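The values are calculated or read from the model by the stated rules, or taken from the named source; none is laboratory data. Predicted, not measured: the structure shown is a model, and the values here were computed from it. Every residue, glycine among them, receives a Cβ derived from its backbone with ideal geometry; neighbour counts consider all protein chains shown. For the accessible areas, the whole protein counts, side chains as well, though only heavy atoms, and no ligand, DNA or RNA atoms are used. Shrake-Rupley method; radii C 1.70, N 1.55, O 1.52, S 1.80 Å.
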Amino acid sequence: MLTVLVNISLGSVEIPFLDTLNAIFDGTTSNTSWDYIIWDYRIPKAFTAILVGAGLALSGLLMQTLFRNPLAGPFVLGISSGASLGAAILIMGASLFSGFSAFQLLNNVSLAIAASIGSFAVLLLVMSVAAKVKDTMALLIIGLMFGSITAAVVSVLSYFTTSEKLQQFIYWSFGSLGNLSWSQLGLLSLIVCIGIILSVFAIKGLNGLLLGENYAKSLGVNLKKLRYLVIIATGLLAGSITAFAGPIAFIGLAVPHLTRQIFDTTDHKILVPAVLIYGAIIMLLCDIVAQLPNSANVLPINAVTSIIGAPVVIWLLVRKKRMLF
Amino acid sequence: MSSIEKHTALSVKDLSVGYKNSEIASAINFEAHKGELIGIVGINGIGKSTLLRTLAQVQPKLSGSIDLNGKPLEKYTSKDLASTLSVVLTETIASKNMTVLELITLGRQPYTNWIGKLSKDDISKISESLQLLELGELKNKKCYELSDGQLQRVMIARALAQDTSIILLDEPTTHLDLYHKVQIFKLLQKIAKQTKKTILFTSHEIEMVIQLCDTMLLLNGTNNTFGTPNYLIEQKAFDSLFPADTVTFDAKTGSFRIEK
């Protein structure tokens, strides 16, 4: 709660903390442009940070348990690379095929739609292959391979495109929390909520999976159903978030590990709500850092999460000498 | 003969196990009753684990019949099976970050609601199995802190908490020293007698199985002998198990001797 208030009160334009509180609780401040900044920019951005952090952290937890691999994150199934491919085709592909001149009018919505289509297309491909393999490790590798293929297509597109288009794509890949309108935010929160509800239904099966697949089966867990439930939930969470906010690294990987340090349990009944809360808090903190309080510059959010996330993972490994999940 | 008919928990007739293109063992026949400890022995690769996996419905049988408590195995839904049959496998558990208590609690999954809330009955079953396997002091330890023998006891406690009439164990004493092997076998014997569960396990410790089990099954490809240890000795079933120039069986002591 405090993180939310601090997050809203800080930004390129200095607004006193008390005025921020007034704006939130009374609806107005002494300055109308401050009202505008707070209501139409900072509050949506804080909400986005909460949804993005919570959703990515949860999908990271789901993937780590499903693959029983501490290095798994929301993007192992090729979700992020699929989104990149969608965005790349829209931004850079349009200049290659001159017929698509209508797409020259780029806006955030079409970008979000393209990224969603991209991530779901890759996810569907991975899932159709998944139906044929029984081993989850094989599924993990297939996801990574699809990621490599899409990354290769993106680099081919970047090679042939103009520098302005390339710059536009790179901006998208920096990630951004501040580009969502209230209506886009509504859509994102709906999808994230569905993802969370699906995950809640997977809690019991995920606990069973902690023993391994054969044991889970012997406990009556329907593995096939559980796998689809988890993959769809991750696809919805990570896919929609990447579509709207760009690829954001490390939150999905690092937050579940941090949460396990704090709660010292493997029970998903506790871990699922805990990663949602920690994911949201850590994303808000990263956003505060990205704002560079009292300066006019804003750092790309994806860089901030990596700069904070990577040392956290290293620190965890050094401290515990092993990465358990 | 006793007048009361013994309750047959598991009945296997003319069973063949293996994979689609390769039959591993066939003509397997045996019966297991309530409260009995049954050992499955045989040389490496003869199909002990395959048989166990077939009984647990991890892989399909090739032919023959398997009846659990009078009902064919294939008629069981995975949920019903989970409350009838529990397993202890050779594979290591995926998350060693679990505490002993958390791991044993997972044994109650077939009985809990959609989110896994524990009832009073669940909690009392968990503490019963903690007690029976003498794990009270270890219950808050993490699995990675345990020795192999302790971890095996925890896995047995989890199977016990699942409260099934049949427990299958795949080589429960591998990697353990002589003392801990005996400890695990004695515990299995105690569980079978006290809880009236049917316990089937595979093992390479033929001499111990002869001393401890009620009945045993010697897998030998197509000629599989089943009966009490004494019956198997009388049938000279162990004599041909290993090549006679290296290991021979001494029927008087019930042990194997290395030929010099």
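Looking at A:LEU276, A:LEU317, can you tell me which residue is assigned to a helix (DSSP H, G or I), within 26 Å of B:TYR144 (Cα to Cα) and open to solvent by 30 Å² or more (accessible area, probe 1.4 Å)?
A:LEU317
So which of B:LEU160, B:LEU168, B:LEU187 ends up being in a helix (DSSP H, G or I), touching a residue at least 40 places away in the same chain (Cβ under 8 Å) and either surrounded by 24 or more Cβ atoms within 10 Å (Cβ to Cβ) or aromatic (Phe, Trp, Tyr) (or both)?
B:LEU160
Can you tell me how many residues within the stretch B:171-182 are outside any loop (DSSP other than H, G, I, E, B), surrounded by fewer than 17 Cβ atoms within 10 Å (Cβ to Cβ) and not hydroxyl-bearing (Ser, Thr, Tyr)?
2
Got at least one residue in the stretch A:293-303 being at pLDDT 85 or above, open to solvent by less than 60 Å² (accessible area, probe 1.4 Å) and either within 12 Å of chain B (Cβ to nearest Cβ) or under 30 Å from B:GLN162 (Cα atoms) (or both)?
no
Return a yes/no flag: does the stretch A:176-185 have any residue that is assigned to a loop (DSSP other than H, G, I, E, B), within 30 Å of A:ILE37 (Cα to Cα) and open to solvent by 70 Å² or more (accessible area, probe 1.4 Å).
Checked against the condition, which is being assigned to a loop (DSSP other than H, G, I, E, B), within 30 Å of A:ILE37 (Cα to Cα) and open to solvent by 70 Å² or more (accessible area, probe 1.4 Å), the stretch A:176-185 yields at least one hit.
Yes or no: B:LYS236 on the phi > 0 side of the Ramachandran plot and not aromatic (Phe, Trp, Tyr)?
The answer is yes for B:LYS236.
Within the stretch A:227-248, track down each residue that is in contact (Cβ under 8 Å) with a residue 40 or more places away in the chain, of a type outside the set (D, E, K, R) and open to solvent by 30 Å² or more (accessible area, probe 1.4 Å).
Result: A:TYR228, A:LEU236, A:PHE244.
Within the stretch B:148-189, how many residues turn out to be acidic (Asp, Glu), on the phi < 0 side of the Ramachandran plot and under 12 Å from the mean Cα position of the chain (by Cα)?
1
May I ask you to list the residues in the stretch B:226-238 that are surrounded by 13 or more Cβ atoms within 10 Å (Cβ to Cβ) and either in contact with a strand residue (DSSP E or B) (Cβ under 6 Å, 6 or more places away or on another chain) or not β-branched (Val, Ile, Thr) (or both)?
Correct list: B:PHE226, B:GLY227, B:THR228, B:PRO229, B:TYR231, B:LEU232, B:ALA237, B:PHE238.
Results for (1) free of Cβ contacts under 8 Å to residues at least 24 places away in the same chain; (2) among the aromatic types (Phe, Trp, Tyr); (3) crowded, with 18+ Cβ neighbours inside 10 Å, shown as yes or no for each residue.
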| site | (1), (2), (3) |
| --- | --- |
| B:HIS33 | no, no, no |
| B:SER65 | no, no, no |
| B:GLY70 | no, no, no |
| B:THR77 | yes, no, no |
| B:LEU85 | no, no, yes |
| B:ASN97 | no, no, yes |
| B:THR105 | no, no, yes |
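So which pairs qualify, if the first residue must be in the stretch A:253-267 and closer than 24 Å to B:THR105 by Cα and within 11 Å of chain B (Cβ to nearest Cβ), the second must be open to solvent by less than 60 Å² (accessible area, probe 1.4 Å) and among the acidic types (Asp, Glu), the Cβ gap must be under 7 Å, and the two must be at least 6 apart or on different chains?
Taking only residues 6 or more apart or on different chains, the pairs are A:THR266/B:GLU102; A:ASP267/B:GLU102.
Do we find that B:VAL100 is within 14 Å of another protein chain (Cβ to nearest Cβ) and in contact with a Phe, Trp or Tyr (Cβ under 8 Å, 6 or more places away or on another chain) in this structure?
For B:VAL100, the condition - within 14 Å of another protein chain (Cβ to nearest Cβ) and in contact with a Phe, Trp or Tyr (Cβ under 8 Å, 6 or more places away or on another chain) - is not met.
Name the residues in the stretch A:205-215 that are without any contact (Cβ under 8 Å) to a residue 60 or more places away in the chain, farther than 14 Å from B:VAL88 by Cβ and either within 7 Å of chain B (Cβ to nearest Cβ) or touching a Gly at 6+ places or on another chain (Cβ under 8 Å) (or both), would you?
A:GLY208
Filter the stretch B:35-56 for residues that are in a helix (DSSP H, G or I) and open to solvent by 20 Å² or more (accessible area, probe 1.4 Å) and give the result.
Correct list: B:SER49, B:ARG53.
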